[in-house]
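Comments concern the structure below.
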Amino acid sequence: MTTNGADAKLILLTTTHRVAPGLLSWPAWEALRSAGRVLAADAGHPQLPALRGAGVEAEIVAELSAPALARLLTGQPAGEGPVVWLGSPDGDPGLTDALARLAVEHAGEVPEIEVLPGSYDLPGARLLDLVSVMDRLRSPGGCPWDAEQTHESLVKYLVEEAYELVEAIEEGDRDTLREELGDVLLQVFFHSRIAEEDEREPFSIDDVAGDIVDKLMYRHPHVFGDAEAEGAAEVEANWEQLKAAEKSDRESVLDGVPAGLPALAYAAKLVSRVRRAGFGGVADEPYELPAELTAESAGRLLLAVAQRAHDAGVDVDAALRSAARGYRDAVRAAEGLTS
């Protein structure tokens, strides 16, 4: 150690690549402007153009191991200002550990070390990483399988991931819930990245997010506007009224119900639409077991169950899944197996 620990100071300036370069905290700019030397390891560091624009020049040091870099930084002579290390985008793995070891082994000789966060990730910042990863996977030199996918080829994965998420929710498995939410989120980003490449009507994940933000704000006037709503029931009623105004061009109360839903969920959605519209032109199916159960009579009976379940406030699809899981567990128990 050649530095005077009592007089020298080393500032480790950390920044995030997830905000625009130059958007640094005031203490960070003060440290940079008062620095005796500013050092960095990467000539392509995203902050360097912003620093040069502000009249701060950084010296680029050779690529070194973490212990060697720690010795270099702590070995700077005391000057007119602190030495500022502009942290690398990768976080300089091992550097803080190496500095801590030097501080212990050479107490009194190592300069004062300060870690100064220059910028912070905002909530949702990691979504930018997902955008970058998806772009890399779909770009030349990325993943051949990802590059070949289309909206159509990904449909089965979207459906599978949605059902795996439902299962995690119903099982109360928090770790799996977190994982499955990520898998569903991936599908949204994947489809959005594919959509960017469309020659006629391209759109991006920003367009997708912007649309849903606009929709949420429009349908929540009691939050973002001057409307008032007392309780969840009134909120839901307002939501449906606004939604109906958006879909005023629909001819039938059933327009927009996706026919690709699983059969029981499809029936429940149709019943929900009919009930919500107050439509009484078609009588409910009789709620009774027929003398002979055929494909047609079984279907009508299931529809009758969906109608009564809706009126009772029961999610018939979730109820059947719960019953099926109980049946599964009972069978496995009878087999002497754990569920």
Could you compute the FRET efficiency for Phe203 and Glu80, with r as their C-beta to C-beta distance and R0 at 51 Å, rounded to 0.05? 0.45
Using the basic label-point model (7 angstrom from Cα toward the beta carbon), what is the Glu234 to Arg328 distance in nanometres? 4.2 nm
Any idea what angle helix 126-138 forms with the longest principal axis of the chain, computed on alpha-carbon atoms, 0 to 90 degrees, nearest 10? 80 degrees
List the residues whose amide H sits under 5 Å from the amide H of Leu116, counting only those 5 or more places along or on another chain, with H placed 1.01 Å from N in the peptide plane. Leu12, Leu13, Thr14
Once phi for every residue in segment 297-310 is put through the Karplus expression 6.51 cos²θ - 1.76 cosθ + 1.60 (θ = phi - 60°), the whole-Hz ³J(HN,Hα) values, with Gly and Pro written as x, are 5, 5, x, 5, 5, 5, 5, 4, 5, 4, 5, 5, 4, 4
Any idea how far the Cα center of segment 172-222 sits from the one of segment 254-311, in Å? 31 Å
Asserting the computed 222 nm helical MRE of the chain (DSSP H runs at least 4 long, -39500 (n - 2.57) per run, divided by residue count, to nearest 500) equals -17000 deg cm²/dmol
Net lengthening on full extension, Leu293/Ser139 (0.36 nm per residue, minus Cα-Cα): 49.9 nm
Labelled set (1) 1.51; (2) 1.11; (3) 1.01; Cα Rg over 2.2 N^0.38 Å computed from this model equals the value at (1)
Give the calculated FRET efficiency between Ala263 and Ser25 to the nearest 0.05, with a Förster radius of 51 Å applied to their Cβ-Cβ distance. 0.35
Taking a point 7 angstrom from the Cα of Glu170 along the C-beta vector, which residues in segment 256-270 have backbone N less than 17 Å away? 261-269
Note, segment 11-25: 3J(HN,Hα) by Karplus (6.51, -1.76, 1.60, θ = phi - 60°), whole Hz, Gly/Pro = x, goes 10, 8, 8, 9, 9, 10, 7, 8, 10, 4, x, x, 7, 10, 5
Would you kindly state how much longer the chain becomes between Tyr157 and Glu112 on full extension, computed as 0.36 nm times their sequence separation minus their alpha carbon distance, in nm to one decimal? 10.8 nm
With labels modelled as points extended 7 Å from the Cα through the Cβ direction, what inter-label distance (nm, one decimal) is found for Ala50 paired with Val188? 2.7 nm
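Every number here is computed from the coordinates shown, using simple stated rules; none is lab data. Here the structure is a predicted model, which is why all the values come from computation and not from measurement. Backbone-built Cβ (ideal geometry, glycine too); neighbour counts: all protein chains shown.
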